[in-house]
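*Asks:* Here it is: the structure, laid out below.
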Amino acid sequence: MLWTPVAQSDFSINPFTLIGDEWMLIAARADARCNMMTASWGGFGVLWGRPVATVYIRPQRYTREFVEKAGHFSLSFFDESGRAALNLCGTKSGRDVDKAAEAHLTIENGPQDVPLFAEAKLAVVCRKLYEGRFKRERFLETTLVDDHYPDGDFHHMYIGEVVTLLRKDT
């Protein structure tokens, strides 16, 4: 199956289902290697007059090192047959294992040299525009800190301009 570009005007998804329920892989390439992680936090929208995707990565995640170094990252979405791969990529570190091999994922070279996955149904290629880190003192709802950051490992937020949308032809 081949990747087909999707016009932004034809990108019709429910982000609450796509990200929150179905999950995604965030992937980037740096120093001729790539790494990926499962995420269920993120969003799509318009910022600075550009289509953007926002993702959140904890500081200890190995993938953050790749996203930090790379100019682009990808978001890949799977149908239900990819659930086991998403589970594995969300629980194991690329520091310790070859996640793509263990999850039976085929890495493809996408636009801007970002890793894509042959098994995915949809891929979004993003160019990094902004990075910031959540700070304890900026939370207005303090129970969020207690509930999600007992160790103080606040997420890094990355905002990427959506430069390419791709779907798999079946």
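Please treat every number below as a calculation from the coordinates, not as lab data. Predicted, not measured: the structure shown is a model, and the values here were computed from it. Cβ atoms come from the backbone with ideal geometry, glycine included; neighbour counts cover every protein chain shown.
*Asks:* Does Ala101 fit the bill of being assigned to a helix (DSSP H, G or I), of a type in the set (A, V, I, L, M) and surrounded by fewer than 12 Cβ atoms within 10 Å (Cβ to Cβ)?
*Replies:* The answer is yes for Ala101.
*Asks:* Looking only at the stretch 76-88, which residues are touching an Asp or Glu at 6+ places or on another chain (Cβ under 9 Å) and outside any strand (DSSP E or B)?
*Replies:* Residues satisfying the conditions are Phe78, Asp79, Glu80, Ser81, Gly82, Arg83, Ala85, Leu86, Leu88.
*Asks:* Would you call Val6 over 28 Å from Asp96 (Cα atoms) and without any contact (Cβ under 8 Å) to a residue 60 or more places away in the chain?
*Replies:* no
*Asks:* Here is a further query. Under 16 Å from the mean Cα position of the chain (by Cα) and over 25 Å from Ser81 (Cα atoms): is that true of Leu122 in this structure?
*Replies:* No: the conditions fail for Leu122.
*Asks:* Among the strands (runs of 3 or more DSSP E) lying completely within the stretch 1-69, list those that include at least 1 residues that are of a type in the set (Gly, Ala, Ser) and in contact with a strand residue (DSSP E or B) (Cβ under 9 Å, 6 or more places away or on another chain).
*Replies:* Correct list: 24-30, 33-39, 42-47, 50-57.
*Asks:* Being among the acidic types (Asp, Glu) and under 16 Å from Trp41 (Cβ atoms) is the filter; apply it to the stretch 125-145 and report the residue that is surrounded by the most Cβ atoms within 10 Å (Cβ to Cβ).
*Replies:* Within the stretch 125-145, the match that is surrounded by the most Cβ atoms within 10 Å (Cβ to Cβ) is Glu131.
*Asks:* Now, a different point. Exactly one condition in (1) in a strand (DSSP E or B); (2) closer than 26 Å to Asp151 by Cβ; (3) in contact with a strand residue (DSSP E or B) (Cβ under 6 Å, 6 or more places away or on another chain) is false for Glu108; which is it?
*Replies:* (2)
*Asks:* Give Leu75, Leu47 a once-over and let me know the one that is surrounded by fewer than 17 Cβ atoms within 10 Å (Cβ to Cβ) and out of contact with any Ser or Thr (no Cβ under 6 Å at 6 or more places or on another chain).
*Replies:* That would be Leu47, the only listed residue that is surrounded by fewer than 17 Cβ atoms within 10 Å (Cβ to Cβ) and out of contact with any Ser or Thr (no Cβ under 6 Å at 6 or more places or on another chain).
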